Every structure is written in C-alpha cells, then in structure tokens.
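Following: one structure in structure tokens, then a few remarks.
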Amino acid sequence: MGVLGECLLPLRCLICEEPGAEGRDLCRACHAALPWNVPACRICALPLASSNPVCGPCLRRSNRPLDETHAVFSYRFPLDRLLPRFKFHRDLAAGRLLSMLMAGDCAGLPRPDAIVPIPLHWRRLSSRGYDQALELARPLARMLRIPLRGDLLRRVRSTRPQSELDAAERRRNLRAAFTVRAPPPAHVVLLDDVMTTGATLEAAARGLRAAGARRIDAWVCARTL
C-alpha cells in the first residue's frame with residue numbers, strides 16, 4: 001500500500017477494532033492497557049518488584065556480554081497476539097505499530113552509533129519470506145534517525161528453534177552461530193522481537209565485542225517472564 005492509501009484509510013485498533021488514535025492503529029484505551037515492562041533490571045530486562053536498577057543475579061554475574069537491555073513490554077496480552085501475527089503471519093501492520101511504540105519508548109535511551117537487527121539464517125529466511133527483526137528495525141531506525149546496519153551480523157549456523165530448548169541448551173545451540181562481517185562502531189544496539197533467556201542476544205554481543213565494539217545494548221519489543 002502506498003503512502004496515499006495509508007493516509008486515506010481510517011486508523012483501526014489492531015486489538016479491539018475501535019478507531020485508532022494519535023496516528024496509530026491503536027485506540028487510547030488499548031494503549032493505556034499495554035503491559036509496559038517497568039520497573040525492570042537494566043541488564044537483563046526481567047521485571048522487578050522494587051525500583052532497584054539491577055537484579056541480584058546480574059549483580060553477581062561478571063563479564064556480561066550486554067551492557068544494558070531494554071524490553072519495551074512484557075510478553076503478555078496483547079503482545080502475545082500481536083507479535084506472533086507479525087512474526088509468523090506477515091501482519092506488517094502489527095509490525096509497524098510495534099515499531100512506532102518501540103520508537104517512542106526508546107527515544108530517551110543512550111543513543112547508539114548503529115542499530116543491528118538479529119539476523120535469521122538464510123534457510124529460515126527463505127522459508128519465512130522476511131526477517132521480523134529487520135522489519136522492526138527499519139522503521140525504528142528511521143524514526144529515531146539512527147543508522148541501520150543490517151549487514152553487520154550474519155547467522156552462519158542453522159540452529160534449532162530456541163523455543164524448543166531449555167536455558168543450557170539455548171546457549172549450546174548458539175555457539176559460533178554468528179559472524180561479524182565488518183568492524184562494528186563503538187556503540188551498538190542489538191534489536192530483536194522477543195527475549196526469553198537472552199542467549200541469542202548474548203551470542204551476537206560476544207561476536208561484536210570480539211570484533212571491537214566497546215558498548216553493546218539490546219532493545220527488544222517484549223520480554224518473557
């Protein structure tokens with residue numbers, strides 16, 4: 001659909017189908033009910049019961065691959081509906097809405113030199129037809145005016161789906177899964193749709209750090225509990 005078509009069609013809430021508001025396919029009531037992930041640990045993004053900035057396990061952990069992680073939402077309704085629609089059913093309207101919400105929430109975070117989406121392996125990209133992290137990153141980078149470096153990381157191993165594995169298996173599954181194709185800038189933000197254990201983001205961060213990145217943050221749309 002072209003820009004003119006988007007302007008002529010009325011906005012419609014993707015959750016309840018009421019009229020959208022404030023330039024989004026989301027009504028005011030559904031926007032107010034979104035499961036924002038606050039307060040949360042600034043290292044692993046797990047929700048916290050207090051206002052402490054870092055959870056106990058992250059305080060005890062040394063040599064962390066990621067400097068900070070920011071998850072915009074908890075993976076609860078309606079994110080558990082919108083993200084699968086976007087990820088598995090090519091609902092690009094849902095993806096565009098999620099990018100807009102992420103941009104508004106991430107605008108005040110430390111500004112990176114580049115946004116780097118977590119890539120799919122070419123086999124999964126071929127079967128799915130599009131890369132959901134890249135499709136989230138494109139409008140986000142444009143709205144925040146941050147360079148997008150979709151060329152920087154390459155997934156060289158076709159790993160098993162992380163959803164099928166426990167935490168230890170996820171880490172083993174991702175060993176040597178990524179290569180860095182060019183020297184990274186000093187401050188990089190890795191972008192992905194959903195974070196569960198963080199194994200994928202940490203594997204990518206280790207590669208970027210070994211290639212010379214000095215600060216690596218992660219921005220994700222939703223964090224599972």
Residues satisfying the stated conditions in the range 199-222, i.e. in a helix (DSSP H, G or I) and either within 15 Å of Leu152 (Cβ to Cβ) or of a type in the set (Asp, Glu) (or both): Leu201, Glu202, Ala203, Ala204, Ala205, Arg206, Gly207, Leu208, Arg209, Ala210
Filtered residues of the range 22-49 (kept if farther than 16 Å from Leu225 by Cα and either at pLDDT below 95 or not hydrophobic (A, V, I, L, M, F, W, C) (or both)): Glu22, Gly23, Arg24, Asp25, Arg28, His31
Residue that is of a type outside the set (D, E, K, R), buried (at least 16 other Cβ atoms within 10 Å of the Cβ), modelled with pLDDT under 95 and closer than 22 Å to Leu83 by Cα, where the choices are Leu165, Leu148: Leu165
Candidates Arg90, Arg76, filtered to the one that is over 25 Å from Arg181 (Cβ atoms) and at pLDDT below 95: Arg90
Lone qualifier among Leu26, Leu97, Leu11 - being over 21 Å from the mean Cα position of the chain (by Cα) and more than 14 Å from Arg223 (Cα to Cα): Leu11
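The values are calculated or read from the model by the stated rules, or taken from the named source; none is laboratory data. As the structure is a prediction and not an experimental result, all values here were calculated from the model. Using ideal geometry, Cβ is built from the backbone for each residue, glycine included, and neighbour counts are taken over all protein chains shown.
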